[in-house]
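A quick write-up on the structure given underneath.
The values are calculated or read from the model by the stated rules, or taken from the named source; none is laboratory data. All values reported here derive from a predicted model rather than from experimental measurement. Here the Cβ is made from the backbone with ideal geometry for all residues, glycine too, and neighbour counts use every protein chain on show. The protein model used for the area step is the full one, side chains on, heavy atoms only, and it has no ligands, DNA or RNA in it. Shrake-Rupley method; radii C 1.70, N 1.55, O 1.52, S 1.80 Å.
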Amino acid sequence: MKRREILKTGAAGGAVLGFPTILKAQNAYRPEYKMSTVVGTALAWGKCGENFGNFVRERTNGRINIKQYPGSSLVQGQQDREFAAMRQGIIDVLCGAPINWSGTVRECGAFALPFLMPDHKAYDAVVQSDAVQKDFFDIIRKSGAEPLAVGETGYRQLSNSKRAIRKPEDLKGLKVRIVASPMYQEIMAGMGANPTAMSWADAQPAMASGAVDGQENPMELFLGLKVHTLGQKFVTKWNYSNDILLIAIANPIWQSWSPQDQKIVREAAIDATKENIRQVRDYYAKDVEAVRALGVDVTVPTPAEMEQWQIACRRPYARWKAQINPGLIGKFEEVVARSRKA
Ligand code: X2X
């Protein structure tokens, strides 16, 4: 009897001791969570991060305070290190273009495949599909972060300081800055350009000094960051690639928040990305006129010219589909094909 009582007390004692520890772990919210964005709030991408942080702060009554670090400053501007840094605990919140994470998680390169999503109808169909919301999200989860919502970084257009680019051959010998992605490297090299991978921070002085002739980025960025002042006089609206904008939280941080707060944070991300998509598409609808108004020569390819670009990208597309994840990309392709019939 006595022994049993001692055991019981021991167990209860343990529980009493253990209880506050568990409570403490659940309530261990940090005073600040660090969010990395490559660009600042002058662009829809950075604005999305800012809105997300504000929505979360307001709706949790300040329990969750997300601080934005633009210019990928948490990784000294090396945007391709973001995902790895998130895994190391240097970044808590990602609000970024997965192409920058493709060296860490290969599926993150999938959305940037050339001409995968040729228009916004295809884009929306892919983003809303199970292939993204279940398959891709699961890959992100297993890689270390909870994915919350998907926005849009925008269709990437070519710009350069030398000449109007109408067809793949026009790219011959052009020094083009690209993000650190061997896929982009192959696409550009395949068309005869001379691609150089560098961070966005390094790209701006490289354009200003003429170390590179061109680059590719959404026209919203071209306008917002006044890329024409870096000597970029020609733009081609070829819509070859449109990366998503993904908001995700490092798994240990996500797990430290209560289910109620998780729900609030997810809804905040959904609202922020909805507003982001609206902004990106507002710009997209008027970007040709807006960039022309700066005195920049904008080429809008004809359907026949568009076909030439697509043909020129077929081989790198096939190679990178095979390398990234043919099953997943096959699903994206089916969704796009269905969206064309609908
Ligand atoms: O560096 C770029 O080109 C940017 C800002 O678009 C990305 O981070 C993919």
Angle between the chain longest axis and helix 44-59 axis [Cα atoms, degrees, rounded to 10]: 20
Per-peptide average of other Cβ atoms within 10 Å, ordering 73-82, 34-43 highest first: 34-43, 73-82
Alpha carbon centre of the stretch 51-107 versus the stretch 266-342: separation in Å? 24
Measuring with a 1.4 Å probe in the full set of protein chains, what accessible area per residue, in whole Å², belongs to the chain? 45
So ASP119 and LYS134, fully extended at 0.36 nm per residue minus their Cα-Cα distance, gain in nm 3.2 nm
Rounded to the nearest 10 Å², what accessible area does ASP92 show when all protein chains are kept and the probe is 1.4 Å? 10
Considering just Cα atoms, how many Å³ per residue does the convex hull of the stretch 199-330 enclose? 176
Measure nothing but the geometry: give the 0 to 90° angle between the long axis through the Cα atoms of 200-209 and the longest principal axis through the Cα atoms of the chain, rounded to 10°. 30
Rounded to whole angstroms and listed largest first, the alpha-carbon spread of the chain along its three principal axes comes to 92, 39, 34
With all protein chains modelled, accessible area of PHE115 [1.4 Å, Å²]: 30
Percent of accessible area on the stretch 29-100 owned by carbon and sulfur, 1.4 Å probe? 46
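Please work out the ratio of the alpha-carbon Rg of the stretch 134-259 to 2.2 N^0.38 Å and round it to two decimals.
1.27
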